[in-house]
Structures are given as structure tokens and as C-alpha cells.
Amino acid sequence: MGGPMKIRASIMDGVTEVKVLMQHEMETGLRKDSEGKLVPMWIITELKAQHKGKTVLEGQFGPAVSKNPYLVFRFKGAAKGDKVSFTWADNRGDTRSDEAEIS
Amino acid sequence: MKQEMNLNRRKALKTGGGLGLLGLLGAVGLLGPGLARAEWKKDAFEAKTLDEALAALGVIAPENSAAIHLSVPEIAENGAVVPVTVASSLSRIEQISILVDKNPNLLAAHFVFPEGTQGFVTTRVKMGQTAMVIALVKAEGKFYRVSKEVKVTAGGCGG
Amino acid sequence: MKNLIKAALAIVLASGGYAALAEDKGSDEIAKYREMISDANPAEFDEMRGEELWKTAGGPKHASLEKCDLGKGPGVVKGAYAELPRYFPDTKRVQDLESRLLTCMTGLQGIAEKDITTKPFGTVDHKPAIEALVAYVAGQSKGVSMAVSVKHPKEKEAYEIGKRVFFYRAGPYDFSCATCHGQSNLRIRMQDLPNFTVKKDAQQAYVTWPAYRVSQGLFRSFQWRLNDCFRQQRFPEPQYASEATIDLTMFLAVSANGAKYDGPGLKR
Amino acid sequence: MNAKWIIAIAMALAQVVPAQAAKADAAPDAKAAAIIKRDFHDNGIAKADRVNQDELQALCTRFGDNPPRKDQERIEKQQTQAIKWPADGKYLGDWKAGEQLAQSGAGMTWSDKAGDPAGGNCYNCHQLSAKEIAYGTIGPSLLHFGNTRGNTAEVQRYVYARIYNAKAANMCANMPRFGHMGILTEAQIKDLVALLLDPESLVNKE
């Protein structure tokens with residue numbers, strides 16, 4: 001299971017900005033280990049952010065997203081104190097969900 | 001503020017344990033309709049040329065647009081982390097894709113924006129060498145494209 | 001005549017200024033790049049892990065590190081890093097953070113020293129506890145002014161020896177630390193080099209280590225920073241938490257006194 | 001000169017003076033040397049004995065890179081005499097190979113393997129070609145070096161010597177002694193001479 005994310009969400013003029021920092025190796029599948037063997041690809045492939053059961057962002061990553069991926073997005077319709085949840089899934093079937101309160 | 005962050009950390013660590021089961025459920029497709037349904041765009045992510053990537057993403061005749069703003073550093077001190085922001089004043093952005101023209105696989109990330117979510121995204125990508133970063137935007141059914149060069153430099157002593 | 005000199009001077013100044021501007025463009029872009037990536041620092045994950053390790057019972061003695069004395073009394077973590085290295089009466093020597101953590105981990109938790117010092121630096125598959133602990137303890141001094149003492153004779157001596165380690169030229173390249181870090185406004189490739197003989201530079205550099213290194217995707221302790229400098233200096237490897245590196249750290253930390261600690265940092 | 005300047009200069013001097021004054025103290029010098037010899041160990045090709053100083057390193061360390069004139073003249077003469085000149089009397093190699101060497105910062109670290117080709121580390125410290133924007137400034141800019149110096153046999157010999165042993169001309173220079181210390185081979189040094197002097201080289205062409 002993946003490690004926890006850091007999620008910060010803040011609202012200004014009706015727009016909620018969500019900043020998510022994920023913990024993931026994002027192994028490209030192109031790197032060789034010390035013995036010269038290719039390290040298999042291991043990446044987050046899918047992402048989803050939700051607010052009150054409604055999806056506010058969906059995304060997909062390829063191997064070129066940096067290790068410990070970082071994402072910022074903005075949506076309307078939330079209020080201070082609401083919660084935003086964020087979930088990722090990787091190509092090994094692992095997944096992780098965390099949530100944060102909008103400040 | 002710091003206090004609060006620490007509390008959140010503790011909480012994140014604690015709830016982490018409980019997600020083991022959820023993790024398993026997710027793996028068999030029970031997590032929720034969104035993640036299980038949205039197929040990873042394998043063809044697009046494995047595309048080796050821009051034409052292949054555009055075709056796999058279903059992009060037709062993208063136009064250049066001044067309404068798309070792509071923010072990248074002119075020089076990246078390290079190719080492992082290149083910050084990319086795509087923003088647009090166009091109404092009803094549906095999708096944003098970020099590509100790097102000289103990477104082995106061009107497509108780095110692809111985002112879908114439901115109604116109410118703004119046409120804005122920041123993320124960080126890897127670049128093997130100096131190359132063009134390309135943002136593809138779909139708004140009201142039409143495709144737009146903007147690109148900028150990022151110089152990836154050798155850093156440090158290099159030994 | 002006077003006007004002529006003035007005019008000549010103006011030309012010299014103008015051309016010098018222009019050269020400086022042209023040269024700065026690259027550095028400005030690097031500064032912009034750093035600003036763009038400064039938004040989120042993965043070192044926070046290491047701090048989180050370190051806090052958990054600090055508070056969780058471990059080792060053969062099943063003890064946590066909450067009784068570890070980092071110099072401000074048992075269990076006091078807040079502000080401790082800003083006063084390290086320092087003299088510890090119980091071990092009768094000057095210790096930096098890594099060496100003090102070793103004392104606590106071996107003493108309180110009963111872990112064998114070689115189990116910690118054989119592979120003390122992280123890789124993709126190996127995440128040593130001591131590095132996460134370094135991240136946690138250092139992070140708890142964020143915003144605290146550096147106040148490293150040289151009042152104790154042993155502290156003073158460590159500072160003096162550290163300074164000599166800094167200026168010691170050896171190895172196939174004839175380098176000392178000062179070869180790259182003893183003059184102002186120089187860079188290697190595009191990276192500005194802090195001049196540790198000037199307070200402002202020393203402060204800026206010291207207070208942003210330890211740090212998450214984006215090129216390696218790993219959190220790096222100060223001991224790692226020194227080791228990698230010695231590696232590039234073409235020196236042999238310094239022993240982990242040895243007097244040579246503790247004293248060198250003392251010299252650098254004292255040079256940074258007065259500045260607010262601002263780590264763990266985020267580096268290239 | 002106004003008061004502000006005087007204060008600034010006084011402050012700058014105050015920062016320099018204690019460092020120099022402390023250097024004269026012999027007790028910590030001896031202790032520091034003993035600690036360095038004890039605390040550094042072998043790792044791969046980087047053996048512990050690398051911390052043992054030769055006379056040049058010891059004198060430069062002891063005198064803060066500003067040795068007495070007498071020592072300087074003696075050591076520079078000794079270093080000059082130790083230069084091994086190419087047996088074939090030729091100095092100019094392949095500038096393209098030289099550019100590759102100049103780009104590489106590899107060689108002689110404990111993470112390099114025995115027999116791995118060493119780099120010249122040139123761009124780490126010098127500007128060389130207009131094309132490479134990531135260059136260091138520890139050494140002077142060498143952009144258009146050949147255009148300004150020419151490409152005579154005499155200049156070639158001078159450049160060969162500077163790369164082979166920069167300390168022959170300036171005892172406590174920052175630049176490594178690439179030939180003298182066995183960092184680069186004769187052929188590699190010739191490639192670097194060509195990079196600097198060949199009219200077709202990147203250094204001179206653009």
C-alpha cells in the first residue's frame with residue numbers, strides 16, 4: 001500500500017485550489033539496476049479527486065511524471081470546511097486515498 | 001498552522017493502515033465507478049511519435065491559441081523534475097494533455113475536467129534532454145495546442 | 001580631462017555591468033526554476049516517517065527515542081538542530097545530529113552501531129531510519145535562529161579543526177573544500193557555489209540542508225552532503241559520524257550562526 | 001571615498017583576518033592532520049592514502065595558497081621539470097574527442113571503477129563554447145581561446161603544459177594537474193589542446 005499523500009486545499013473567491021503531493025517511485029521501466037537488468041515500470045496510472053461524491057478531476061499518468069508526483073487543480077462549488085478526497089491507483093493494482101479539509 | 005499540519009500528518013499515518021483493505025478492493029475494481037471504469041490510455045501513453053500520440057488521443061487538427069497559457073522554466077536545472085502549468089481562459093475546458101516531444105514516450109499526463117473544474121493544472125514531468133513541452137487542450141469539442149522549449153542542463157560536478 | 005576620465009569610467013562600468021547581466025541570465029532562469037519547484041517538498045514525507053520512528057518503540061530494547069537528549073534535555077526536539085553540533089557531557093565529546101542519533105539509537109534502543117553505519121544513506125530500495133530521523137529533528141528547528149556555541153573548549157577546538165579540514169588540500173585533484181567554496185560568486189556548471197568564508201553565503205547554504213534532492217529523488221542528510229563533496233573532491237570516504245565530519249560541520253554551522261534555520265530544503 | 005565604503009572595506013577585512021591569523025597556530029594543525037588520516041577510509045578506487053599530501057599540497061594548505069616566494073619558485077621549477085612531453089613531438093589531437101572529455105565530470109571518485117575513462121571536467125569550471133550554456137566560472141572563460149592566441153607550435157606546447165600541470169606555472173592554482181597526477185592520458189590531453197586551439201573546434205568556430 002502506498003504512503004500517505006499531502007493534500008492542501010484552500011478556497012478564495014469561490015475557487016478551491018487543491019495541491020496534492022503523492023508518494024510514489026514512478027519507475028519508468030527504462031532504468032537499469034546495478035546488475036544491468038531493466039527495473040520494471042511501476043507508476044501511478046489513474047487519479048481521481050472528489051468533492052461531496054462528485055468527481056472534480058480525473059487524470060492519467062504515464063512514466064514521464066516525476067517521482068513523488070505533484071498536482072495542482074482548481075474547482076468551483078465547494079465551501080470552507082468541506083472535504084476533498086483524492087485517490088490514485090498504480091499499475092501494480094495498489095491504490096491510496098486521502099482527504100483534506102478546505103481552509 | 002504548523003500544529004494543524006502535524007495533526008494531519010498523524011491522522012494520515014493512522015488512516016493509512018485502514019486503507020489496506022480498500023487497496024485490495026480497488027485492485028479488483030470495487031473502489032468506485034471512476035477509477036475502475038476509466039481505462040488507462042495505453043496506446044496514447046506508449047506512442048513514440050507526436051502523430052501516434054495525437055491519433056491515440058483522438059486529437060483532430062489542433063489550432064494554436066493565445067488563450068492557452070503554458071508555463072515552463074526556460075532552463076531546468078534537472079530533467080528529473082520539470083514543473084509544467086497549463087492554464088486557459090477558454091470556457092468549458094474538457095481535457096488537458098501534457099507531452100514532451102523528445103521523451104521515449106511522448107505523453108506524460110492526461111486530465112479530464114468535469115463541469116465546475118477550471119481549465120488549470122500544474123504538475124511535474126521528467127525530461128531526458130532539451131525538448132519541447134506540448135500542451136493539448138480540448139475545449140467545447142475543439143482542440144488547441146501550445147508548446148515551449150525547456151533547456152535541460154548538466155548540473156553540478158557531474159562526477 | 002576630468003570629464004574624459006569620467007566618460008572612460010562610465011564605459012568600463014557599463015560594459016562590466018553588461019557582462020554581469022548577460023552572465024546572470026542563466027542564473028536568473030535557475031532561480032525561477034527553483035522558485036517553481038519550491039511549492040511542495042517531498043522531504044515532508046521523510047519528516048513524517050522520522051516522527052513516527054522517533055515515537056515508536058524499536059530495537060532490541062523496545063524503546064522509543066523520546067528520552068533521547070539532543071542537547072536541550074531528554075525528549076526536547078524543538079530547536080535542537082539549531083544548536084548542533086555541541087559538546088555533550090555524557091559522551092564527553094562534540095557531536096552533530098547524526099552522531100548524537102547514533103548515541104541514542106545504540107544506547108536507548110540497543111541497536112548495534114554497525115547496523116546503522118554500514119549503509120547510512122538512502123537508495124531507491126533502502127530507506128535508513130537514521131535519515132528519516134534527521135529529517136524529523138531538523139524540521140523541528142524550522143524558523144529557529146542558528147545558535148551553535150563555541151564556549152566549551154572542546155567546541156572551540158572542534159571549530160578550529162573543522163576549519164583546517166575545510167582548507168586541507170589533497171588527493172589526485174589537489175582540492176580542498178575551499179577550492180570551490182572559498183571564493184564568492186563562482187559556480188560549477190550552472191550551480192552557484194556558496195563561499196563558506198562569507199557569512200551570508202554560509203548561512204544561506206547551511207540552513208537549507210539537509211534536503212530532498214530532486215535529481216536523486218531522495219532525502220539527503222548533512223553527512224551525505226559532506227560525503228558527496230569529498231567524493232567529488234576525489235578524497236577517500238570519511239567515516240560516518242567521525243570527528244573529521246563532526247568538526248567540519250561545526251565550522252560550517254558556526255559560520256551560519258544568526259540565520260533562521262529553513263530546512264529541510266529542496267535541491268536540484 | 002565615503003564613510004560607507006570605508007566601513008564596507010573594514011568589514012571585509014575583519015572577515016578575512018581571523019581566518020588567516022588562526023592558520024599560524026600549529027597545535028590544531030597537527031591534530032587536524034591526524035584526525036584526517038584516521039577518519040578517511042578506502043572506498044573502491046579512492047584509497048585512504050589519498051589524504052597524504054605531497055610537498056606542494058602541504059605547502060599550499062599551510063600557507064593558505066600563498067606560499068613564500070622561495071618555496072614557490074622551487075616547487076614550480078620541480079613541477080615543470082616533471083612534465084612528460086609527447087614522444088612524437090605532436091600536441092594537437094582530435095577536438096571532437098576533446099569536447100566529449102570537456103563535458104565529462106567523471107573519473108577518480110570512489111564511485112568510478114578502475115579503468116573507467118576519466119573526463120576532463122573542463123565545463124565544470126570554464127566557459128568553452130558558445131553552444132554550452134551550463135559552464136562554471138571557477139576558471140577563466142576560454143571561449144575563442146585559439147582565435148586570440150593563434151595555433152603555433154609554441155602556443156600548442158604552452159597549452160599542453162598548462163593542462164598537464166597547471167601548478168608548474170602557478171603553484172597553488174585551483175586547477176588539477178591532469179597529466180602529472182595521471183588523471184588524463186597523453187592522447188586525452190592532446191584532444192583537449194585541439195579543443196582549445198584547432199580553428200575548426202567548437203571553441204573557435206562559433
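The values are calculated or read from the model by the stated rules, or taken from the named source; none is laboratory data. Just so it is clear, the model here is predicted, and its values are computed rather than measured. Neighbour counts run over all protein chains shown; Cβ positions are idealised from the backbone, glycine included. Protein only, heavy atoms only, side chains kept; ligands, DNA and RNA dropped before computing areas. Shrake-Rupley method; radii C 1.70, N 1.55, O 1.52, S 1.80 Å.
Observations, loosely collected:
- With respect to being under 20 Å from B:Leu99 (Cα atoms), of a type in the set (S, T, N, Q), open to solvent by less than 20 Å² (accessible area, probe 1.4 Å) and touching a strand residue (DSSP E or B) at 6+ places or on another chain (Cβ under 7 Å), A:Thr16 falls outside the description.
- Of all residues in the range C:147-162 being in a loop (DSSP other than H, G, I, E, B) and touching a helix residue (DSSP H, G or I) at 6+ places or on another chain (Cβ under 6 Å), the one that is nearest to C:Thr249 (Cα to Cα): C:Val148
- Restricting A:Glu27, A:Glu101, A:Glu35 to residues that are touching a strand residue (DSSP E or B) at 6+ places or on another chain (Cβ under 7 Å) and open to solvent by 30 Å² or more (accessible area, probe 1.4 Å) narrows the list to A:Glu101.
- The range D:169-187, residues that are in contact with a Cys (Cβ under 9 Å, 6 or more places away or on another chain) and open to solvent by less than 10 Å² (accessible area, probe 1.4 Å): D:Met171
- Any hit, the range B:100-110, residues being touching a Ser or Thr at 6+ places or on another chain (Cβ under 7 Å) and closer than 25 Å to A:Thr16 by Cα: yes
Yes or no, residue by residue, for (1) facing chain D (nearest Cβ under 10 Å); (2) in contact with an Asp or Glu (Cβ under 7 Å, 6 or more places away or on another chain):
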site	(1), (2)
C:Val148	no, yes
C:Lys154	no, no
C:Gly162	yes, yes
C:Gly171	yes, no
C:Ser176	yes, no
C:His181	no, no
C:Arg187	yes, no
C:Met190	yes, yes
C:Leu193	yes, no
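- Residue among A:Phe75, A:Phe86 that alone is under 11 Å from the mean Cα position of the chain (by Cα) and at negative phi: A:Phe86
- Hits in the range A:83-103 - residues which are touching a residue at least 40 places away in the same chain (Cβ under 8 Å) and not in a strand (DSSP E or B): A:Asn91, A:Arg92, A:Asp94, A:Ser103
- Residues in the range C:225-268 that are part of a helix (DSSP H, G or I), aliphatic (A, V, I, L, M) and within 14 Å of the chain's Cα centre (by Cα): C:Leu226, C:Ile246, C:Leu248, C:Met250, C:Leu252, C:Ala253, C:Val254.
- Residues of the range A:43-80 classified as more than 7 Å from chain B (Cβ to nearest Cβ), more than 19 Å from A:Leu30 (Cα to Cα) and open to solvent by 10 Å² or more (accessible area, probe 1.4 Å), total: 8
- Pairs with Cβ under 6 Å, 6+ apart, first in the range B:83-112 and not assigned by TED's automatic domain parsing to the domain that holds B:Ala44, second modelled with pLDDT of 95 or more: none
- In the set (1) in contact with a Lys or Arg (Cβ under 9 Å, 6 or more places away or on another chain); (2) within 9 Å of another protein chain (Cβ to nearest Cβ); (3) assigned to a loop (DSSP other than H, G, I, E, B), C:Tyr212 fails one condition alone, (3).
- For D:Ile36: the one exception among (1) facing another protein chain (nearest Cβ under 7 Å); (2) among the β-branched types (Val, Ile, Thr); (3) within 21 Å of the chain's Cα centre (by Cα): (3)
- Selection within the range A:23-41 - within 12 Å of chain C (Cβ to nearest Cβ) and under 21 Å from the mean Cα position of the chain (by Cα): A:Gln23, A:His24, A:Glu25, A:Met26, A:Glu27, A:Thr28
- Number of the condition not met by B:Ser65 [criteria: (1) more than 10 Å from chain A (Cβ to nearest Cβ); (2) at pLDDT 90 or above]: (2)
- Residues in the range C:40-70 that are touching a strand residue (DSSP E or B) at 6+ places or on another chain (Cβ under 7 Å) and open to solvent by 60 Å² or more (accessible area, probe 1.4 Å) were compared, and the one that is nearest to the other protein chains (Cβ to nearest Cβ) is C:Ala57.
- Any hit, the range D:109-129, residues being farther than 16 Å from C:Tyr173 by Cβ, open to solvent by 30 Å² or more (accessible area, probe 1.4 Å) and facing another protein chain (nearest Cβ under 7 Å): no
- Within the range C:136-146, not a single residue is free of Cβ contacts under 8 Å to residues at least 40 places away in the same chain, outside any helix (DSSP H, G or I) and basic (Lys, Arg).
- Those residues of the range D:46-63 which are farther than 15 Å from D:Asn170 by Cβ and not basic (Lys, Arg), in sequence order: D:Ala46, D:Ala48, D:Asp49, D:Val51, D:Asn52, D:Gln53, D:Asp54, D:Glu55, D:Ala58, D:Thr61
- Checked against the criterion of being open to solvent by less than 40 Å² (accessible area, probe 1.4 Å), more than 20 Å from C:Asn227 (Cα to Cα) and out of contact with any strand residue (DSSP E or B) (no Cβ under 9 Å at 6 or more places or on another chain), the candidates C:Gly73, C:Gly110 yield just one match: C:Gly73.
- No other residue among D:Ala82, D:Ala166 is touching a residue at least 24 places away in the same chain (Cβ under 8 Å) and either surrounded by fewer than 22 Cβ atoms within 10 Å (Cβ to Cβ) or of a type outside the set (S, T, N, Q) (or both) apart from D:Ala82.
- Considering the range B:71-138, the qualifying strands (runs of 3 or more DSSP E), each wholly inside and each with 3 or more residues that are under 22 Å from B:Glu46 (Cα atoms) and facing chain A (nearest Cβ under 7 Å), run over B:107-112, B:117-125.
- Residues (in contact (Cβ under 8 Å) with a residue 40 or more places away in the chain and not in a helix (DSSP H, G or I)) located in the range C:167-196: C:Ala170, C:Gly171, C:Pro172, C:Tyr173, C:Phe175, C:Ser176, C:Arg187, C:Met190, C:Gln191, C:Asp192, C:Phe196
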